[in-house]
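Engineer: This is the structure I want to talk about, given as structure tokens.
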Amino acid sequence: MAQNGNKQVFSPWTDPSAKPLIQFKNVTKKFGEFVAIDDLSIDIFEREFFALLGPSGCGKTTLMRMLAGFETPTTGTILLSGQDISPIPPNKRAVNMMFQSYALFPHLSIWDNIAFGLRREGGSKDAIAARVEDMLRLTRLTKFARRKPHQISGGQRQRVALARSLAKAPKLLLLDEPLGALDKKLRQDTQFELMDIQEKTGTTFVIVTHDQEEAMTVASRVAVMDEGRMIQVDTPDRIYEAPNSVYVADFIGEVNIIQGSASQSGDTVDITFAEGQPTIRGTTDKKFANGEKIAFAIRPEKVSISAEKPDDMENALQGKILDIAYLGNISTYHVELPNGQIIKSQIANTRRISRRIFTWEDTVWVSFTDTAGILLKV
């Protein structure tokens with residue numbers, strides 16, 4: 001671990017000497033002619049909370065099922081602690097999987113549900129009892145130990161499934177859309193509980209989700225997937241602030257994407273995007289050919305909105321307010337430029353709103369600095 005002031009920063013992927021717990025080496029998985037995973041190589045490290053994020057059909061569940069042993073690679077190798085796990089059956093792997101449905105036994109108590117896997121392994125009665133009590137304490141379920149699953153809430157059932165999965169102390173825990181059945185508020189609370197439990201146990205977690213917010217909240221690193229490939233693997237802040245492609249920028253969070261042609265001088269790029277409109281200026285360390293088609297991606301919270309043209313901004317575009325979304329903590333203004341391009345500007349509602357500063361059809365200026373956006377190849 002690297003030191004950052006007094007705080008330790010967990011980033012083994014930046015350490016060339018760190019040994020990965022999981023290694024995918026040129027793994028391809030085909031179902032007939034369909035390529036679900038396409039020549040994928042990735043390292044996942046011990047104690048990581050690694051998120052596989054992407055739309056339905058992108059390959060994330062297939063990847064997880066190969067780790068669990070329910071599928072085998074068509075070509076390539078998957079190593080766990082340096083050992084090829086392909087020949088090892090699911091029940092012999094140091095891997096556990098927690099399903100979205102939780103798959104609890106309705107006729108067993110919470111205590112017995114957690115003990116089930118330990119009993120099948122044939123441990124001593126005292127050792128099993130001690131481990132179950134440890135898991136109940138870890139997941140704050142001690143007072144519910146004698147209840148049946150139908151007698152507790154959805155969030156508590158989720159914690160029972162987690163306790164049962166962790167009871168056998170797996171090297172790796174796979175979580176398949178684990179919070180999908182919970183309502184939004186409970187899901188947000190449970191995300192932090194998951195992070196806390198993962199940190200306390202030191203178990204490596206790999207989570208499959210299509211919920212961007214969930215992945216960005218819980219994960220040490222996020223893999224954004226599409227069509228069986230990992231498009232970008234990075235920390236949540238890098239995925240959001242420095243996407244490596246239009247696909248990632250568009251997939252994660254709200255974004256404005258303006259396409260045009262480049263004119264570069266040093267690290268400054270001017271983008272011509274519409275006749276009669278001023279060019280947009282951005283900065284980058286990438287190289288673009290003059291006239292090359294490029295995309296400028298900027299997050300709505302980095303776009304200011306004003307009645308008058310600002311003097312202190314590198315970029316300012318005039319348009320008309322087409323729509324307003326009030327979301328309590330923020331308001332999003334959809335501003336239409338003369339060429340039909342929509343620019344979203346997001347403003348924090350730091351005061352109670354007595355009346356809007358801007359309303360529908362108002363002519364306004366949207367503006368941003370030359371360093372606020374990202375320049376990407378189309």
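Values quoted throughout were computed directly from the atomic coordinates according to the rules given, and no laboratory measurement underlies them. If you're wondering where the values come from, they're calculated on a predicted model, not measured in any experiment. Positions of Cβ are backbone-derived with ideal geometry, glycine not excepted, and every protein chain shown enters the neighbour counts.
Engineer: At residue 46 and residue 265, where each label point lies 7 Å from the Cα along Cα→Cβ, what is the point-to-point distance in nanometres?
Structural biologist: 5.5 nm
Engineer: Have a look at 172, 327, 40 and tell me which one the Gaussian network model of the chain (Cα, springs below 10 Å) gives the largest fluctuation.
Structural biologist: For the chain, modelled as a Gaussian network with Cα springs under 10 Å, the answer is 327.
Engineer: Tabulate in residue order the Karplus-calculated ³J(HN,Hα) for the stretch 232-243, using 6.51 cos²θ - 1.76 cosθ + 1.60 with θ = phi - 60°, rounded to whole Hz; enter x for Gly and Pro.
Structural biologist: Rounded to whole hertz, the list is 8, 10, 6, 5, x, 5, 6, 4, 7, 8, 9, x.
Engineer: On average, how much area does the Cα convex hull of the chain cover when viewed from any direction, in nm²?
Structural biologist: On the way: hull surface 99.2 nm².
Averaged projected area of the chain's Cα convex hull equals 24.8 nm².
Engineer: Report, in listed order, any pair from 168/200; 19/92; 19/171; 25/92; 25/60 with a Cα-Cα distance greater than 18 Å.
Structural biologist: From the list (168/200; 19/92; 19/171; 25/92; 25/60), the Cα-Cα distance tops 18 Å for 19/92; 25/92.
Engineer: Setting aside same-chain residues fewer than 8 positions from residue 143, which aspartates and glutamates have a Cα under 18 Å from its Cα?
Structural biologist: Leaving aside aspartates and glutamates fewer than 8 places away in the same chain, those within reach of residue 143 are 112, 133, 134, 193.
Engineer: If you only keep lysine pairs separated by 8 or more in sequence, or across chains, how many in the stretch 254-377 come under 14 Å at the Cα atoms?
Structural biologist: Going through the stretch 254-377 pair by pair, I get 6.
Engineer: Treating the stretch 200-316 as a set of equal point scatterers at the Cα positions, no solvent, please give the Debye-formula log₁₀ I(q)/I(0) at q = 0.17, 0.20, 0.24 Å⁻¹.
Structural biologist: For the requested q values the scattering log ratios are -0.96, -1.16, -1.40.
Engineer: Relative contact order for the chain using alpha-carbon pairs under 8 Å, separation at least 6, rounded to a whole percent?
Structural biologist: 14 percent
Engineer: Something else now. Evaluate the Debye formula for the stretch 254-377 with equal point scatterers sitting on the alpha carbons, no solvent, and hand back log10 of I(q)/I(0) at q = 0.12, 0.19 Å⁻¹, in q order, two decimals.
Structural biologist: The Debye formula, applied to the Cα set alone, gives -0.45, -1.01.
Engineer: Related question: Describe numerically, in nm with one decimal, the distance between label points set 7 Å from Cα along Cα→Cβ at residue 107 and at residue 250.
Structural biologist: 5.2 nm
Engineer: Another question about this same structure. Using a simple charge model, +1 on the beta-carbon of Lys and Arg, -1 on the beta-carbon of Asp and Glu, nothing else, what dipole does the stretch 306-364 show about its Cα centre, in debye to the nearest 20?
Structural biologist: Its charge dipole is roughly 380 debye.
Engineer: Continuing with the same structure: Taking the Cα atoms only, what angle lies between the long axis of helix 125-138 and the longest principal axis of the chain, rounded to 10 degrees?
Structural biologist: 20 degrees
Engineer: Turning to a different aspect of this structure: Return 357, 271 ranked ascending by Cβ neighbour count within 10 Å, so the fewest neighbours appear first.
Structural biologist: By the 10 Å Cβ count, ascending, the order reads 357, 271.
Engineer: Then there's this: Treating the angle as unsigned and between 0 and 90°, give the value, to the nearest 10°, between the Cα long axis of helix 154-167 and the longest Cα principal axis of the chain.
Structural biologist: 60 degrees
Engineer: Please compute the length gained on full extension between residue 286 and residue 26, using 0.36 nm multiplied by the number of residues separating them and subtracting their Cα-Cα distance. Can you show the working numbers first?
Structural biologist: Working: separation 260, 0.36 × 260 = 93.60 nm, distance 2.84 nm.
Taking residue 286 through residue 26 to full extension adds about 90.8 nm, to one decimal.
Engineer: Among 275, 301, 71, which one shows the biggest mean-square fluctuation in a GNM of the chain, springs joining Cα atoms closer than 10 Å?
Structural biologist: 275
Engineer: Something else now. Output the 0 to 90 degree angle, nearest 10, between the alpha-carbon long axis of helix 110-120 and the longest principal axis computed from the alpha carbons of the chain.
Structural biologist: Value to nearest ten degrees: 70.
Engineer: Once you've got the GNM for the chain with C-alpha springs shorter than 10 Å, pick whichever of 210, 334, 150 has the biggest mean-square fluctuation.
Structural biologist: 150
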